[in-house]
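Here the structure is laid out as structure tokens; the discussion comes afterwards.
We did not get these values from a lab; they are worked out from the coordinates using the rules stated. Note that the structure is a prediction, hence the values are computed from the model and not measured. Because the Cβ atoms are built from the backbone with ideal geometry, glycine has one as well, and the counts that use them run over all protein chains shown.
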Amino acid sequence: MTIIENIQQKASFLNNLKENETALFDFLNSNHDNLEEVIAQYKPEIDFSPVNTLRFLIANELQIGTIVNKNIIDQLKHALENRDVSDYYILNDSVKQGLINYKKSKIGMFPNWKHSFNILFPFIYNTSDNSEVKTQLNQLADEIISVNNLENVTKHVVSFQGSNNYGTDWIWLAILPESAPSVQYAYQIFINIDKKGLLGGIHKGHNLTKQEFKNQDLRYDSWQEYLEQTKEIKDEWLQLNSDINFILLNDEKEFKKVLKKLNSLSLVSFFETLDKLKDDLDFQDAENFVFSVARNRLSFQVGKRYCLAIIKDKFRFITPDTYVLKDFEKETFTAPDNAFLYHNANKHEVLEHYEAIKDAVESEIERDNHTEAKSYDNSAFRKAVFDSGYRSQFIDGDFNNNVIILNGQKVFKISMGKDYFSDELIDKAINEKLVLVHSQTKPKGRSPISQADIFTDQLIIGDYFYLTHSNKNLKLIGKITSESQPASFNNLRDKGWLERSFEPVIIANKQGSFKGKGKYWLPNTNVTCWPIDNSELEEANKLLFKTFFNIEFKQDNMDAKFEEFLKSRVKEGTVKTYLSAMRSIEKLANDEGFLTKSIYQLNNLKDFKTFYGKIIQSQEYKSTNAKQHNRFSASLSHYKEFLSTTLEDIQPEDGKKDTKLKFQDSLNQIFYGPPGTGKTFYLKDQLFEKYTSLETSITEEQHFEAVVNKCSWWQVIAIALLDLNKAKVSDIFEHKWVQKKASLSNSNTIRPTLWGQLQSHTVNECEFVKVTNRQQPLIFEKTEDSYWEILEEQVNELVPELYDIKDSVENYDPDPDKIIKHFDFVTFHQSFAYEDFIEGIKPIIPAIDTELEETKDLGYTIEDGVFKKLSTRAKNDPDRKYAIFIDEINRGNVSAIFGELITLIEIDKRKGAKNEMSIILPYSKKEFSVPSNLDIYGTMNTADRSVEALDTALRRRFEFKEMMPDYNVIKEESVGDIQLSKVLQTINERIELLIDRDHTIGHSFLVNVDSEQKLASAFNNKIVPLLQEYFYGDYGKIGLVLGKGFVEKIKNDNIDFASFDYENASDFKISSYKLKKVNAVNVMDAIELLLGSKEITTS
């Protein structure tokens, strides 16, 4: 027996039982082969399901010997409808409660299960039968594919279980292109086998509403006859489907546009819910499902009813009309089967009410809820639901960037001229996915290579092109999929035309011609095929691809990745400076033989370190680096960081590929040195930008957290009440703003905090609040029945900014120019304490006893310090680097300020590290650890206190980097003939001899000094006062450093003491010293005396 005969025999058997109820029950009562499988599959053990429980009760009756007929089934249905089946079976407590609680409906539990055949289908068709039939159908599909040499196709097989698992008496299968969104959006090579035999041909997918085509339903006497027919219809099928990919491309465009407007976490939850519904209800792609992206939301419908939708971060979901939820906005679906559609739920609430959603969706699938195909059904959305691999390119990707990454491919212009191709002809070529160039197309300009040769030889499989119809219209961007060959299109082979096939990537979203300057690769030049050079790719993005396609090309190579890395670290102008420096280094290294390739081929740390060790020995490198203010060394430092921190898919030193985003080890660094050496400047100039990002890189949830973090408790409560209008404290406590604030706080007394804040900001006229100490703004009011309200008139008058804060979250629109800081900057001083840095107890007025609602005038709260707040932000944003910068770290009592953190800040003790540690904080009693993505930087002035004076335990937990005076920074600075670097070096040599090197003077004191006036000011107001502090008023030593131009020696021999008998009084007549103010007139003379290049004369 052939496969067709075997399936036809099963179809005839099933059709007989479907049409003849007597035969159905005769078979049921006489054949119990499937009874054990039905009992095992449908025995109610946890949840209650009407049809499944009914099937189990029927099986149970058969097992005890009952002759089952239509009346018995009706009796079992009646018992279930009455919520009591104890006469037939004792349900466990869980299932029994599910039965009692099951929705009540006028049409009962079984509105769509009137036919006994559907109820009894598992008794007559078991899983083994189903597996056998599916295997046979796949064999038939494989034979169709093989006979017709079909490639890139997929199979859709539906056995006797049917699309919705009701059971039927016929099967079908379809072959469709792999690129088609779904079986509903494709022309199918289709077969149907029923009791009469084999039927087939080409079928149009249900959702191809705009295409005119009559399904081919022809009967065949044999399988071989059908196979021969598929050869005849193959070309027609291919031609029909050639348009379908463009439907998907257009729908993808709309789908992606909507995805950008949705919260990414909520979006994942939305698809997880749909996946769970698919698994639990075991449904496949079907005609009665609608997937819409209308009105900037994703909505899943069964028939005409919305079942699940997402708008921004909010959900709508369907439930039975017996499932009543408070505090939700809802609308009601009416007869034939009532249901509710709830609005404005979050993802957690969808999960909480999932079972009710599932029941309602199941009811919609079960009832005859069919609909005509909808024009607003989106094929890309549909495909994403049923094809998780396809979905992952959107859900796991970056919704904010329309970027094509070039992995070595090039981009070309191809023009199909209007003199040769009419509008209809070029559209026909596009539908057949072909581009054409004539073999006699000549070279352009001075190029010796003809454009036909460019089309044939330079344009390779995998390259991209944009297609323009002369300069009439830009058509699409495509990707080449075949070699060049003589044209088969439209009988052009003998006319010298060449063709290549392609896969469309995106069609133009803007019509019209290009206007602008002419280049060979632009549409407005008489050029047929031309490559776009990589150096001009950015210009092409600006002029063409962003404008006409809303897309851009980027190169996936090291220089492009390094450029992107720099953009995240430094300003745009500095990016160009560093990239230019890298090119100069590359040229220098090639000239001197250190490098024989591009510098960006140094793609691992091992090769880079080898190269770096050589280049820094070059005298040319050293001198150029000094002249250009260390640009060479700075750019290479950034490149090293690029290699070691954030670059994906590079080969590390061990040669093993690591594709995970990874951070460099956390940094604990202290920059130390004398005053004026640029320690704080280095933090601001070199490090701050490393810990900043544009607002556009911040998710809505991260933005929400940042806003709440900046809000005080009364502001958060006020915004919650603006949402709630009127609420009790328990309702306010559950509001998302309050919950977010609570998650960012370590307080164990959130409710008392709410009570205290509400009462302290209540208007004085409120008679139900007895607190005497009120705090502005007074915007709350309490009612007699203990509800809290917000007075919007007071808000408008006193704190209208609350509306802006609320709106900034609800309508988050990131500013591409706004910079978000991921760091804090603090300065230690003598009164800075642990309570300011980690956490401490701070007074709060007023507090309340929540049991008695008695007010006290003074309370206390635990308030986080600057380091702990930043740690919380870093912990909640693990994929981003954070930093705290501590200026003058040695001016505070470091051991007391850090406290128990002295251990936790060690690199291997951080959160997630090998030897991770946490502690219980003394005030909040909360567990705390330092996140691994939080760096700690400090600066220390060695003239204030030496490194050795720091706590030994702290010193060994930090890396110390010395910053001494850098004379190269001011090497080019001069006033007249005086070289300022020489002046500073001379001063510091003398200070080092008289005191030590920790008290030398930094180069910043003389930066930007370019006139006599500025030079005099630098000495009078900066250098001399600092030396006074160093030498404790010993002006003689200052004279040894600065010379006679700045210090005058006064002989005191002529001073007579009063008449008084004092032994050796003349010993006190020693010389004293007086500081001399310099000015623009005499400062140059003073400096020359300092340098010893001039001697002072006396007259």
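Assorted remarks:
- Segment 413-487 - share of DSSP beta bridges that are antiparallel (%, nearest 5): 70
- 0 to 90° range, to nearest 10: angle between helix 50-63 axis and the chain longest Cα axis: 50
- Debye, to nearest 20: dipole size of segment 403-554, +1 on Lys, Arg Cβ, -1 on Asp, Glu Cβ: 460
- Cβ charges +1 (Lys, Arg) and -1 (Asp, Glu), total dipole of segment 699-813, debye: 660
- Taking 343, 156 and counting other C-beta atoms within 10 Å, the order from fewest to most: 343, 156
- As a calculated quantity, the FRET efficiency between residue 1034 and residue 542 at R0 = 41 Å, using C-beta atoms, amounts to about 0.05.
- Added length on full extension, which subtracts the Cα-Cα distance from 0.36 nm per residue, residue 985 to residue 550: 150.8 nm
- Alpha-carbon centroid distance for the pair segment 291-312 / segment 482-510, whole angstrom: 39
- DSSP beta bridges in the chain [antiparallel fraction, %, rounded to 5]: 75
- Cβ crowding within 10 Å averaged over residues, with 1018-1026, 126-134, 171-179, 510-518 ranked highest first: 171-179, 1018-1026, 126-134, 510-518
- For residue 668, the residues 5 or more places off, or on other chains, whose built amide H falls under 5 Å of its own are 936, 959.
- Efficiency of FRET from Cβ geometry, residue 89 and residue 6, R₀ 25 Å, rounded to 0.05: 0.10
- Mean Cα-pair separation over length for the chain, i.e. relative contact order, pairs under 8 Å, 6 or more apart, %: 6
- Proxy reagent accessibility, fewest Cβ within 10 Å first, across 529, 766: 766, 529
- For chymotrypsin sites (Phe, Trp or Tyr not before Pro), the sites in segment 179-250 that DSSP calls loop and that have at most 16 other Cβ atoms within 10 Å are 213.
- Net charge dipole, the chain: roughly 3000 debye, given to the nearest 20, about the Cα centre with Cβ charges of +1 for Lys and Arg and -1 for Asp and Glu.
- FRET efficiency, 1/(1 + (r/R0)^6) with R0 41 Å, evaluated for residue 1007 and residue 609 via beta carbons: 0.80
- Between helix 801-810 and the chain: long-axis angle, C-alpha atoms, 0 to 90°, nearest 10: 50
- When each of 530, 497 is scored by the number of other beta-carbon atoms lying within 10 Å, the sequence from fewest to most is 497, 530.
- Inter-probe distance in nm under a simple model that places probes 7 Å from Cα toward Cβ, at residue 923 and residue 256: 5.0
- A simple spin-label model places the labels of residue 107 and residue 213 3.3 nm from each other, with each point 7 Å out along Cα-to-Cβ.
- Cut-off 14 Å between beta-carbons: net charge of the residues surrounding residue 467, Lys and Arg +1, Asp and Glu -1: +2
- The chain, Cα convex hull volume normalised per residue, Å³: 282
- For segment 175-184, putting each phi into the Karplus relation 6.51 cos²θ - 1.76 cosθ + 1.60 with θ = phi - 60° gives couplings of 9, 9, x, 4, 7, 5, x, 6, 4, 6 Hz, in residue order, rounded to whole numbers and with x for Gly and Pro.
- Label-point separation, residue 583 to residue 1074 (7 Å along Cα→Cβ), nm: 6.2
- Angle between the chain longest axis and helix 244-259 axis [Cα atoms, degrees, rounded to 10]: 50
- Residue-span extension gain [residue 71 to residue 239] - 0.36 nm each, minus C-alpha spacing: 55.0 nm
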